[in-house]
Amino acid sequence: MNCFLSISAGKTHIMDPKNKMIKKRKLETGIKVIKIGNKTISLEGYLTKKTKTESNEPLPNPVGASAQDSQTGQTTLSVNLNPKEQQNVAENSKTRAFPGDPAYLKTRQGLPLWTRQDEIRGILQQDDVLVLVGETGSGKSTQVPQFLYQEQWCQRKKVRIEKDGWTEEVNVGGMIAITQPRRVAATTLAHRVSREAGTPLNGERGVSSNRKNATSRGLVGYSVRFDHRVPPGTKIKYMTEGMLLQELLRDPHLRQYSAIIVDEIHERSVDVDLLSGFLKQIVTRDKAGRAGIPLKVVIMSATANVESIKQFFSGATPDEPFDSSTVKEDPTSSPVRLLQIEGRQFPVDVVHTLKPVPDIQETLLKTIFKIHTEEPLQDKHGRADILAFLTGQEEIEAAQRLIEEYAATLAANVPKIKVFPLFGQLSMEAQHEAFQPIKGGFTRKIVLATNIAETSVTVPGVRYVVDCGKAKVKQFRPRLGMESLLAKPISKSSAIQRAGRAGREGPGKCFRLYTEETYGTLEKTDLPEILRTDVLGAVLTMKARGIDDVMSFPLMDPPDVESVEKALLHLHLLGAIDDEGGITETGRKMVRFPVTAPYARVLLAAADPKFECLAEAIDIISIITAGEDIFLQIQTEETKEEVEIYRKELYRREGDLLTYLNTMQLYVSENADRVQWCKTRKINTRNMKQALNIRKQLRGLCVKQGLMEQPPPDPQPFSPISPERAATILQCFLKGFALKTAMLAPDSSYVTTHGKHVVAIHPASVLHGQKKEAIMFLEHVYTQKNYAKKVSAIQAAWITDALEN
DNA sequence: GAGCACTGC
């Protein structure tokens, strides 16, 4: 089939020979129908609010009465036990008391939270939801679960639940989950608490926790991707937010748990927002599935700005979707209690500039040297190093050069300076250097960091913070189907957080490179991620967990209707939802993969006999989802030439995807020294290892779902992919990315088939500077320009093929 | 010729 690009009157359309336009017709107001190619999709089923009341209103939950389960549609019978029975089950599963390690007791008793434990217990004995504000250092993440696990309501109870005419005996409760936004936080907190409690944390590594070689009982466990340690008898389980969201897929009522503690909610990840919605549903109306046994929810935030969160959990339900101004109190729900705990921060003096700063770099330099020459190198609290928050790598490297140049001119009696850059793309070793105490005694450490130092890592020894007032933020533009990455002013909350980094070890100072007036104009909080990213994944997550009417799912900050519509259309195009908006079998298979929807679609297509390239698709997707680009940038021209000799062997003329595949296949065929292999090619070892983990996980999932045979173990001899096979693989990827394509225009620019934007191939792509008939790109980001990333050369005809099924 | 930060049975 031939395609051609017609450009007329400033408009470009791809046409197929039958002259059918491959273009989404604009949604006409009033008519809830959308056309893609020759397909007409009714939006009626999922864009309009359901008239059925059960999905919107709280369920009455009388004892022993059957009720329609709003999430699963199953009819359940809640069985409430009489007091005697209740006592029996409690006796059966009585928790063994862990005395706690006395070595840690004194430290624990010194925490601001220690004296409030009875209050916390008292509140949760009465009510189900507690919002706890505790600043950094209050000890909330480690102490709250230890205060609660021996509570009566935290015992596991054996109950009978009637489902589809069957009486099922199930256990409800017994564990407390504490969610964390990051894996490291979950694992380190679990280790810390297990030490405090004096119980081992040596449950099994791996997915299953009930294999034969079960180890000794323990109180504390954790569960993050690729790493699960849940000893038998675990009562306190630290886990990532995504992990609990996964568990919700299997168990919509979270029956394993007596309580969920949501930590660091102020970071407002998409996962925590979704989780909050599900928790609200369970708390306010979904107790039938738990046989009436309540789920306690503790929401923990480091910032005081929790009024909206409190209101959200108080059972207030929006009258109309997306209109939070018309909330009304739900009289059936229990009240939400609020508790504020003071932190253990030292005071931080905040200094603003008197006038707006025209040149950030110059003012940064001046400020740093003013601190360096006027403030002591150390005091009784310890070192007094400087942490500066900048927007990105480029800015950091420029500042480093300036500071080092100027430092060389300093007099001999002034302390020396050592600058450490700190950003995500740095190698592990380079990041680690920024955390080490300085070696020379007469030297001050200056760390130049991105936002990474605001939440993800803590730099020790910092007493001075310099804050440029900006951060790079990724924002998705649903109308353009692309995202942008630009430096934007930070929020007040973020500015306070940055300043706080100066007061961890002693009284500190924060120098803001903006005026107090500018500070006043900053937004109170950052825009939550769900309002900044493509909600495709969020919508699929909801659909897979039984939410038919995604518009009225409770969210603290609902995305606008247009974003949700776009996501629904996109899901429909991927085959994840049907014309009525219901999740399809394909959609259900897709959510089982720990990758975004388009990649999941590619995996399913790859398993199709038509393509049969699942092993290859997994290799590519593993590398892409492992993190940033595996190819590290090369600093000097000299090393670049050297490295390029080795990299040449990896590059494929078909583009980045085949280059990734080639790299993975050569990497796993390498038998001698994989670390050295990466080093000579300047490949990010950490990401390659992560890619191998993901590859193993995806292969395992695919084998389990019968999509592929058990692949042979590594290392396998390398044999390059044939051009024909390469074409098949790329056509398979088009099943997930048909809309992310562009055609070469007569003026040598690339014009997207969807949206008609001019895109440039990103310099990091192996196809940069090349002209191909058509390209597919997996990412589309506006920074300096409209960039297409992860680019492959394709034939235009493949695009229509992919759209036609 | 360019790269905020996280995450997933």
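The values are calculated or read from the model by the stated rules, or taken from the named source; none is laboratory data. Just so it is clear, the model here is predicted, and its values are computed rather than measured. A quick note on method: Cβ atoms are made from the backbone with ideal geometry, for glycine too, and the neighbour counts reach across all protein chains shown. Protein only, heavy atoms only, side chains kept; ligands, DNA and RNA dropped before computing areas. Shrake-Rupley method; radii C 1.70, N 1.55, O 1.52, S 1.80 Å.
Worth a mention:
- In plain terms, the chain from A:E505 to A:R217 could stretch by 100.0 nm, reckoned as 0.36 nm per residue minus the Cα-Cα distance.
- The ellipsoid that matches the Cα gyration tensor of the stretch A:613-719 has semi-axes, each √(5λ) in whole angstrom, of 26, 13, 13, with the longest given first.
- Each residue of the stretch A:533-546 is assigned a 3J(HN,Hα), and the resulting list reads 10, 5, 7, 3, x, 4, 5, 5, 4, 5, 4, 5, 9, x Hz, derived from the Karplus form 6.51 cos²θ - 1.76 cosθ + 1.60 (θ = phi - 60°), x at Gly and Pro.
- Other residues whose C-beta falls under 9 angstrom from the C-beta of A:D127 contribute a net charge of +1, scoring Lys and Arg +1 and Asp and Glu -1.
- Long-range HN-HN contacts of A:V350 with modeled amide H, under 5 Å: A:C510
- The eigenvalues of the Cα gyration tensor, multiplied by 5 and square-rooted, give the stretch A:711-783 an equivalent ellipsoid with semi-axes of 28, 14, 13 Å from largest to smallest.
- For the stretch A:725-766, a/c is not less than 1.5, where a ≥ b ≥ c are the root eigenvalues of the C-alpha gyration tensor, and a/b tops b/c. That puts it in the prolate class.
- Filter on A:K370/A:K418; A:K140/A:K237; A:K679/A:K790; A:K140/A:K380 - keep pairs with C-alpha separation over 18 Å: A:K679/A:K790; A:K140/A:K380
- When all protein chains stay in place and ligands, DNA and RNA are ignored, the 1.4 Å accessible-area order of A:K492, A:K689, A:K296, largest first, is A:K689, A:K492, A:K296.
- Theoretical FRET efficiency, 1/(1+(r/R0)^6), r = Cβ-Cβ of A:E429 and A:D164, R0 60 Å, to 0.05: 0.60
- Potential lengthening between A:E397 and A:T107 on full extension [0.36 nm per residue; Cα-Cα distance subtracted]: 100.4 nm
- Long-range amide H partners of A:Y787 with built H, under 5 Å: A:A760, A:V781, A:Y782
- A Förster distance of 60 Å, applied to the separation of the beta-carbon atoms of A:S722 and A:E362, puts the FRET efficiency at 0.60.
- At q = 0.08, 0.14, 0.21 Å⁻¹, base-10 log of I(q)/I(0) for the stretch A:111-253 (Debye sum, equal scatterers on each alpha carbon): -0.24, -0.74, -1.45
- Greater than 28 Å apart at Cα, pairs in A:K310/A:K355; A:K366/A:K470; A:K296/A:K704; A:K163/A:K589; A:K566/A:K589: A:K310/A:K355; A:K296/A:K704
- The stretch A:678-802 - share of DSSP beta bridges that are antiparallel (%, nearest 5): 90
- Long-range amide H partners of A:I341 with built H, under 5 Å: A:V133, A:G134, A:E135
- Taken along the Cα-to-beta-carbon direction at a fixed 7 Å, the label points for A:E516 and A:V561 span 4.5 nm.
- Placing dummy labels 7 Å off each Cα toward the beta-carbon, the span from A:E119 to A:F346 is 2.7 nm.
- Across the stretch A:455-469, coupling constants 3J(HN,Hα) worked out from phi with the 6.51/-1.76/1.60 Karplus curve, θ = phi - 60°, read 10, 6, 10, 10, 8, x, x, 7, 10, 10, 10, 10, 10, 6, x Hz, and Gly and Pro carry x.
- Projecting label points 7 angstrom from Cα along Cα→Cβ for A:L666 and A:K648 puts them 1.1 nm apart.
- Our note on the geometry: Cα centres of the stretch A:593-644 and the stretch A:381-437, 33 Å apart.
- Along the stretch A:525-532 the Karplus relation, 6.51 cos²θ - 1.76 cosθ + 1.60 evaluated at θ = phi - 60°, assigns HN-Hα couplings of 10, 6, 5, x, 4, 5, 8, 10 Hz to successive residues, with x for each Gly and Pro.
- Fraction of the pair-distance distribution of the stretch A:348-527 above 19 Å, Cα-Cα pairs, percent: 57
- Kirkwood hydrodynamic radius over Cα pairs of the stretch A:329-400, then Stokes diffusion coefficient at 20 °C and 1.002 mPa s, in µm²/s: 128
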